[in-house]
Ligand SMILES: [Zn+2]
């Protein structure tokens with residue numbers, strides 16, 4: 001456990017050349033900063049709900065100015081967010097955002113932790129959040145984080161006293177942190193944790209307030225600040241040539257999937273925190289006031305402190321290796337500390353400083369990127385170099401699966417020692433060699449919680465690397481060992497040296513590219529299944545698992561792949577039943593006696609390390625009972641959704657048109673214009689096209705506008721008649737739906753809509769419903785979240801000339817990719833409205 005946490009500890013402090021995937025190579029100034037941190041024994045835990053909630057200015061200030069050990073506890077991994085950089089959503093987005101947080105911490109100098117809580121989407125109130133999360137489990141994870149990290153001070157991003165004023169996850173994070181502050185010191189709460197980590201009482205807890213929470217700057221200026229501490233978080237660090245706020249911006253900019261690129265500022269800036277538990281410090285600018293943060297804090301620490309303060313004072317920026325003898329002396333004394341907590345932390349820190357001071361470089365590179373669990377072999381090349389005058393020798397190497405390699409070689413200054421072609425053969429059984437995948441995704445969780453079987457992993461940001469090499473050195477007469485994960489690297493002609501993790505993968509994996517396959521009638525479809533080999537000479541067979549009322553042909557097919565990494569595409573014919581039906585299609589590969597059912601997903605972005613994720617391989621198959629009118633749809637893209645692809649799946653001809661191509665003449669070819677989500681928030685050019693679109697409706701076309709946010713609307717008129725958007729939303733996907741106008745065409749033709757069509761919806765009903773509209777509009781549905789008044793604006797239909805204008809905040813963009821049949825049937829009715837009297841020419845043909 002500590003190994004993983006502290007491997008993140010030695011970070012490329014304030015380095016802007018930080019490549020998440022490459023080993024850190026600190027310069028003299030960075031080594032000096034690590035030395036300053038080594039001599040500071042105090043810690044701060046920052047608590048919030050999502051990746052990107054954290055105040056990077058304050059985290060950077062604590063880590064780089066105060067020199068405190070600083071961690072961010074994000075209760076969730078942000079699965080419910082948007083993704084501006086690629087197609088990954090939900091759990092895969094959580095994997096990306098986890099890595100973005102780790103990269104951010106590498107820049108601002110913090111550490112990163114999580115709980116098992118899942119970001120299930122927007123939540124209006126902490127009562128709802130804590131009902132969907134398992135409150136007791138999340139609370140125990142927060143308590144665990146406190147008992148493991150042992151913070152002197154906790155800072156909450158959000159106010160625990162204001163339920164309902166922000167995202168329910170936000171308030172919940174503060175409420176749980178507030179509760180955990182006392183529980184962490186109660187030996188009767190979560191006694192299993194106590195056995196391992198003891199109890200812990202933080203000294204103080206704060207809320208990271210700002211004028212924003214007071215309503216206005218004026219109100220904040222006038223407020224009583226006797227309970228507030230403040231810091232100048234605009235500090236300038238000459239050693240790195242950056243202001244604290246510039247570092248914070250670099251860190252924040254790592255939240256690329258959220259579009260949080262941030263430009264740094266310079267100059268004095270005051271940050272406030274409000275005391276909510278513990279005693280107010282006398283010195284209002286010192287969060288650690290009254291806490292001993294020197295080496296005197298630990299028993300017999302005084303001697304260590306004496307040596308290390310001298311090492312810091314005498315640090316030679318042109319020759320950091322001059323500090324090694326003193327550092328080794330301190331290292332040996334730290335090994336005798338009784339306090340296991342500080343011993344573990346400071347051992348890791350000082351080892352990394354010794355490593356950096358001596359210009360050591362230790363690396364084990366695999367010739368292939370992946371290994372499979374059984375009988376596979378990998379060739380390693382090992383590089384060892386000492387670039388100082390210090391007396392360093394390589395005593396031995398501990399390799400996975402093999403016995404130690406004895407060496408006893410002196411490492412002569414700047415002479416690389418290369419050990420090549422070391423063959424590793426994986427002789428372990430599966431349980432010993434876990435597959436490389438995020439640990440929180442290996443078991444099926446619930447809507448609100450990840451399931452983590454191995455309790456020792458709870459809280460860890462990522463899965464510990466299983467395949468490592470330990471280098472046992474002797475440095476200036478003392479044995480010191482370094483463990484490095486085996487890596488894979490290549491040279492890219494454009495990017496240069498590219499590092500990837502060395503991973504353990506299954507020998508076979510399968511995927512079906514389409515995650516939802518819609519059958520709009522009885523016609524069979526040919527579905528390709530892609531099998532990927534994790535090893536050479538893969539031979540076996542594949543079958544599909546499918547619902548009883550469906551048929552698949554052929555039942556079984558052969559797999560024969562020559563090379564590792566190669567793919568084979570196998571086509572199955574899927575025959576749907578006569579009636580509406582839905583279920584899951586999942587491939588099962590059989591190789592010898594082993595069965596494989598996972599899909600191997602690779603996530604490759606430059607700003608985060610390469611990620612491999614194994615998820616159950618499955619696709620949803622839906623046989624829709626759907627009738628439709630009209631044929632040709634013009635789609636105007638907004639912020640991005642997969643609605644066009646979904647409508648194509650049910651047989652519509654969908655053409656995406658650019659704003660410049662919106663002309664009366666071009667629109668003539670279409671029956672309906674559908675406007676993508678948030679188009680009026682993101683596409684300014686539409687302001688000049690609304691009249692053309694409304695004319696199209698007047699002349700008999702239909703226009704369907706999906707949700708826009710109520711702020712930052714870029715057009716003067718969203719609809720041909722007055723309509724006011726609001727923040728009304730219904731986040732409960734099970735919320736009851738009442739038909740206000742049961743006889744309305746949109747609920748009856750060509751598909752009869754019933755309550756069943758509102759079953760199986762995902763994440764929410766809808767958002768940003770209008771709350772005022774002119775008499776031309778007919779509200780169709782009523783729905784609301786628990787304890788709220790009915791919201792009538794989710795689906796509004798207006799006749800305009802010979803056509804229909806429809807505004808809907810219902811979340812079709814979420815329901816379509818989840819294969820929700822009722823959403824398809826209702827949307828087909830919206831597209832067909834006004835065309836029902838005329839017989840469908842397609843139906844006549846059939
Ligand atoms: Zn948030």
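The values are calculated or read from the model by the stated rules, or taken from the named source; none is laboratory data. This one's a predicted model, so the numbers in the text were calculated from it and none came from an experiment. In this analysis, Cβ positions are derived from the backbone assuming ideal geometry, glycine residues included, and neighbour counts consider all displayed protein chains.
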Helices (runs of 4 or more DSSP H) lying entirely in region 175-269 (those with 2 or more residues that are touching a helix residue (DSSP H, G or I) at 6+ places or on another chain (Cβ under 6 Å) and closer than 30 Å to residue 85 by Cα): 244-252
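What are the residues in region 537-552 that are surrounded by 12 or more Cβ atoms within 10 Å (Cβ to Cβ) and either more than 17 Å from residue 595 (Cα to Cα) or in contact with a helix residue (DSSP H, G or I) (Cβ under 9 Å, 6 or more places away or on another chain) (or both), if any?
547, 549, 550, 551, 552
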Any hit, region 183-203, residues being crowded, with 22+ Cβ neighbours inside 10 Å and touching a residue at least 60 places away in the same chain (Cβ under 8 Å): yes
Selection count where residues are under 20 Å from residue 269 (Cβ atoms), more than 16 Å from the ligand (Cβ to nearest atom) and buried (at least 24 other Cβ atoms within 10 Å of the Cβ), scope region 59-77: 7
Evaluation of residue 92 against (1) buried (at least 24 other Cβ atoms within 10 Å of the Cβ); (2) under 30 Å from residue 611 (Cβ atoms); (3) at pLDDT 95 or above (one fails), failing number: (1)
Strands (runs of 3 or more DSSP E) enclosed by region 740-800 - at least 2 residues per element that are within 22 Å of residue 719 (Cα to Cα) and out of contact with any strand residue (DSSP E or B) (no Cβ under 7 Å at 6 or more places or on another chain): 795-800
Matching residues, region 279-297, being touching a helix residue (DSSP H, G or I) at 6+ places or on another chain (Cβ under 8 Å), assigned to a loop (DSSP other than H, G, I, E, B) and more than 14 Å from residue 43 (Cα to Cα): none
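Filter region 121-132 for residues that are surrounded by fewer than 24 Cβ atoms within 10 Å (Cβ to Cβ) and within 14 Å of the ligand (Cβ to nearest atom); which is farthest from residue 272 (Cα to Cα)?
Out of the qualifying residues, it is 121.
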When residues of region 47-56 are limited to those that are crowded, with 24+ Cβ neighbours inside 10 Å and more than 8 Å from the ligand (Cβ to nearest atom), the one nearest to residue 234 (Cα to Cα): 56
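Which members of region 87-119 meet the condition of being on the phi > 0 side of the Ramachandran plot and in contact (Cβ under 8 Å) with a residue 40 or more places away in the chain?
Answer for region 87-119, where residues must be on the phi > 0 side of the Ramachandran plot and in contact (Cβ under 8 Å) with a residue 40 or more places away in the chain: just 109.
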Which listed residue is modelled with pLDDT under 95 and under 29 Å from residue 126 (Cα atoms), from 766, 787: 787
Boolean, residue 658 is out of contact with any strand residue (DSSP E or B) (no Cβ under 7 Å at 6 or more places or on another chain) and more than 30 Å from residue 551 (Cβ to Cβ): yes
Selection status of residue 179, free of Cβ contacts under 8 Å to residues at least 60 places away in the same chain, surrounded by fewer than 23 Cβ atoms within 10 Å (Cβ to Cβ), under 22 Å from residue 53 (Cα atoms) and away from the ligand (no atom under 16 Å from the Cβ): yes
Selection from region 664-688 of residues that are closer than 22 Å to residue 710 by Cα and in a loop (DSSP other than H, G, I, E, B): 676, 677, 678, 683
Filtered residues of region 718-733 (kept if assigned to a loop (DSSP other than H, G, I, E, B) and modelled with pLDDT of 95 or more): 718, 719, 720, 721, 722
Residue ID - nearest to the ligand (Cβ to nearest atom), chosen from residues in region 133-166 that are modelled with pLDDT under 95 and more than 17 Å from residue 206 (Cβ to Cβ): 166
Matching strands (runs of 3 or more DSSP E) fully within region 612-663 where at least 3 residues are free of Cβ contacts under 8 Å to residues at least 24 places away in the same chain: 653-656
Matching entry among 461, 434, 479 (being modelled with pLDDT of 95 or more and either assigned to a loop (DSSP other than H, G, I, E, B) or under 22 Å from the mean Cα position of the chain (by Cα) (or both)): 461
Strands (runs of 3 or more DSSP E) wholly inside region 559-601 containing at least 1 residues that are surrounded by fewer than 19 Cβ atoms within 10 Å (Cβ to Cβ) and at pLDDT below 95: 581-591, 594-596
Of all residues in region 539-558 being under 34 Å from the mean Cα position of the chain (by Cα) and part of a strand (DSSP E or B), the one that is farthest from residue 377 (Cα to Cα): 545
Selected residue [touching a helix residue (DSSP H, G or I) at 6+ places or on another chain (Cβ under 7 Å) and either assigned to a helix (DSSP H, G or I) or touching a residue at least 24 places away in the same chain (Cβ under 8 Å) (or both)] from 834, 822: 822
